[in-house]
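Heads up, the thing below is written out as structure tokens.
The values are calculated or read from the model by the stated rules, or taken from the named source; none is laboratory data. Fair warning: this is a prediction, and the values are worked out from it, not measured in the lab. Counting neighbours? That spans all protein chains shown, and the Cβs are built from the backbone with ideal geometry, glycine included. Note: areas computed on protein heavy atoms with side chains; ligands, DNA, RNA excluded. Shrake-Rupley method; radii C 1.70, N 1.55, O 1.52, S 1.80 Å.
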Amino acid sequence: MSQFIYKKPKQLQEAFSIMKENPAYSIIAGGTDLMVKMKDNRITAKVIIDVSELNDLREIKEKQGTIYLGAAVTHTEICKSELLRGFAPALVHASGLVGSPQIRNRGTVGGNIGNASPAADTIPALMAYGAEIVLASAEGVRSLALEDFFVGPGRTVISPGEVILSIEFNKLQATQAVSFEKLGKRKALAISVVNAAAFLEIDKTKAVVTKARLALGSVAAKPIRVSAAEEALIGYSLSDDKIKEVAKIVSDSITPIDDVRSEALYRKRIAGVLTQRTLIDAWKQLV
Amino acid sequence: MEEKMKIKFLLNKKNIEVEVLPNRRLIDFLRDDLDLIGTKLGCGEGDCGACTVIINGKTANSCLVLAPQVDGKEVITIEGLGDYDKLDSLQQAFIDEGAVQCGFCTPGMLLSAKTLLDENPKPSREEIMRSMSGNLCRCTGYVKIANAIEKVANANN
């Protein structure tokens, strides 16, 4: 591991000053991704800034129908949060499938997003909830749709001097549901071969879909939404034929790769299967 | 630039004040600086769980923690669970049930089991299996380890 100075600011503003004075910094919270990269000297920062206990990044709260999730909230804390268990169960499910208990005790949602792995489990779930990511810097805050945050594997649009402050999304209404599914090589401690999340909003009287979001991970260079598949759902009830049609659109429109965990062809098939499973599950929650 | 920094924390119920290099991993700090070699270094990437310690009541892979990050925290290693004269009930159960073969995963397994039973004194078999999901064992097939944990859980009222 390279040499560096370790700083643990008590306030966000202090973190911004440290970043300004030390351009060659890296941010650490749980360290579950960063430490591996530092061990292999893939990251050689001169200053490591620990944001794991900044109060602004530690909150889970609800305000006027919006859920506010601080970036330094751990997966274990997500799993235990009554608020999230009630209003974002698919996120709780996704966080509960990240790594191992040890990883979930330290790994944070902001870290899972900032690490920008195409296979990250919380990202498709949060994209299905329609989440926005809030970035903070000395100049102020900006927010963008979560799917617009990623550029490619490990690369995001975050600027020097910015930290991920929070993730925000609306509480689900009675007409809305989200489902998340992951396939790994084993049941525990596995990086996803493919993961998928589906959001459905229905017109309860007509039992047809009025709004849909389908998000998938590990099927492209970054977590993606499949808008063609989403559009194909609008105005329809979820018949067997419709589910198959949508799953096929997903399989046909993604561009996965062969890698150590799986092969492109298998990923295309599994993406379709997981799309079917999440759609059926979300639909069952509603009708 | 590589200056040591002073950290204070509670290690196995004792207050510790010590100087450490900022880029020291907790696992190396425990084993090489403090001679607490019960904690094992396996994969160094958070996959195997051999380096599991308890930080503020929660298990963590000590290979993925920087030593300065435990400043102000409470850390328990396998040396803090019990000793030769007075074993923890989990340690005794591991012996009685034959849950130890090569022993490399055992310290981590015991600490994961300890936090499980602290949080949930009467876990189901399924909960016991899940609690081990961050600790790899290549010898036992996990059954005897689960039996040992279950034995202690059954003794809990």
Response to the item:
Connecting every pair of Cα atoms under 10 Å apart in chain A and solving the GNM, the largest mean-square fluctuation among A:Ile43, A:Ile164, A:Ile103 falls on A:Ile43
Worksheet item: Which of the residues in region A:12-40 lose at least 40 Å² of accessible area when you go from the chain alone to all protein chains together (probe 1.4 Å)?
Response: A:Met35, A:Val36, A:Lys39
Fill in: Quarter of Cα convex hull surface for region A:189-287, i.e. mean projection, nm²
6.2
Worksheet, complete the sentence: A 1.4 Å probe over the protein heavy atoms gives region A:125-277 a carbon and sulfur accessible-area percentage of 52
Fill in: Potential extension, A:Lys63-A:Ser26 segment - 0.36 nm per residue separation minus Cα distance
10.2 nm
Worksheet item: Taking only C-alpha pairs under 8 Å that are 6+ residues apart, what is the relative contact order of chain A in percent?
Response: 15
Discussion item. Based on Cα coordinates alone, diagonalise the gyration tensor for chain B, multiply each eigenvalue by 5, take square roots, and list the semi-axes in whole Å, largest first.
Written reply: 28, 16, 13
Practice prompt. Give a residue-ordered list of calculated ³J(HN,Hα) values for region B:57-74 (Karplus: 6.51 cos²θ - 1.76 cosθ + 1.60, θ = phi - 60°; whole Hz; x for Gly, Pro).
Written response: x, 10, 5, 8, 7, 6, 6, 10, 10, 7, 3, x, 5, 8, 3, x, 9, 10
Worksheet, complete the sentence: To the nearest Å², the heavy-atom accessible area per residue of chain B with 1.4 Å probe amounts to 47
Practice prompt. Report the one residue of A:Ser227, A:Tyr129, A:Trp283 whose Cα lies farthest in the direction of the positive end of the charge dipole of the protein assembly as shown (charges on C-beta: Lys and Arg +1, Asp and Glu -1; origin at the Cα centre).
Written response: A:Trp283
Discussion item. At R0 = 22 Å, how high is the FRET efficiency between A:Arg85 and B:Glu119 if r is their beta carbon distance? Nearest 0.05 is fine.
Written reply: 0.85
Worksheet item: Nearest 20 debye, what's the magnitude of the dipole of the protein assembly as shown about its Cα centre given +1 on Lys and Arg Cβ and -1 on Asp and Glu Cβ?
Response: 600
Item to complete: Would you please report the Å³ per residue occupied by the convex hull of the alpha carbon atoms in region B:5-80?
Response: 73
Practice prompt. With a point put 7 Å past each Cα toward its Cβ, work out how far A:Lys284 is from A:Ile257 in nm, to one decimal.
Written response: 3.5
Worksheet item: Taking each residue of A:1-9 in turn, how many C-beta atoms of other protein chains fall within 10 Å of its C-beta, and what is the average?
Response: 5
Worksheet item: Which of these, A:Val109, A:Val151, A:Val92, has the largest mean-square fluctuation under a Gaussian network model of chain A (Cα springs below 10 Å)?
Response: A:Val151
Practice prompt. Assuming R0 = 51 Å, can you tell me the calculated FRET efficiency for the pair A:Ile234 and A:Asp40, based on Cβ-Cβ distance, to the nearest 0.05?
Written response: 0.65
Worksheet, complete the sentence: Partner shielding of B:13-26, taken as the mean number of other chain Cβ atoms within 10 Å, equals 2
Worksheet item: Cα convex hull of chain A: mean projected area in nm², to one decimal?
Response: 14.6
Response to the item:
The size of the Cβ-based charge dipole (Lys, Arg +1; Asp, Glu -1) of chain B about the Cα centre, to the nearest 20 debye, is 280
Item to complete: Could you please state, rounded to a whole Å, how far the C-alpha centre of region B:48-116 is from the C-alpha centre of region A:112-191?
Response: 33
Practice prompt. Give the accessible area for B:Tyr142 in Å² (nearest 10); use a 1.4 Å probe, count only protein heavy atoms, and leave out ligands, DNA and RNA.
Written response: 50
Worksheet item: Toward the positive end of the charge dipole of region B:5-80, about the Cα centre and with charges on Cβ (Lys, Arg +1; Asp, Glu -1), which of B:Gly57, B:Gly80, B:Ile7 goes farthest?
Response: B:Gly57
Item to complete: Order A:Thr205, A:Thr255, A:Thr32, most accessible first, counting only protein heavy atoms with a 1.4 angstrom probe.
Response: A:Thr205, A:Thr255, A:Thr32
Item to complete: Only loop residues by DSSP count here, and only those with at most 13 other Cβ atoms within 10 Å; note down the trypsin sites (Lys or Arg not before Pro) in region A:20-50 that meet that.
Response: A:Arg42
Response to the item:
Averaged over residues of B:63-72, the number of beta carbons from other chains lying within 10 Å of each residue's Cβ is 6
Worksheet, complete the sentence: In this structure, among A:Lys39/B:Lys86; A:Lys185/A:Lys248; A:Lys37/B:Lys40; A:Lys8/A:Lys222; A:Lys80/B:Lys4, pairs with alpha-carbon gaps over 28 Å are A:Lys39/B:Lys86; A:Lys8/A:Lys222; A:Lys80/B:Lys4
Worksheet entry | Computed over region B:89-155, Cα set: Rg, Dmax in Å | 10.3, 28
Practice prompt. Along Cα→Cβ, 7 Å out, is where each label goes; now give me the distance between the ones at A:Asn170 and A:Val208 in nm to one decimal.
Written response: 2.1
Discussion item. Show me you know the interface measure: the accessible area buried between A and B, both chains summed, probe 1.4 Å, in Å² to the nearest 100.
Written reply: 2500
Discussion item. Let me check the size of region A:62-172 from its C-alpha atoms; what are the radius of gyration and Dmax in Å?
Written reply: 13.1, 37
Response to the item:
Cβ-Cβ cut-off under 13 Å around A:Ala72, Lys and Arg +1, Asp and Glu -1: the net charge is -2
Worksheet item: For region A:172-219, what ratio Rg/Rh do Cα atoms give with a Kirkwood hydrodynamic radius?
Response: 1.15
Worksheet item: Among A:Leu265, A:Leu135, A:Leu165, whose mean-square fluctuation peaks in a Gaussian network model of chain A (Cα, cutoff 10 Å)?
Response: A:Leu265
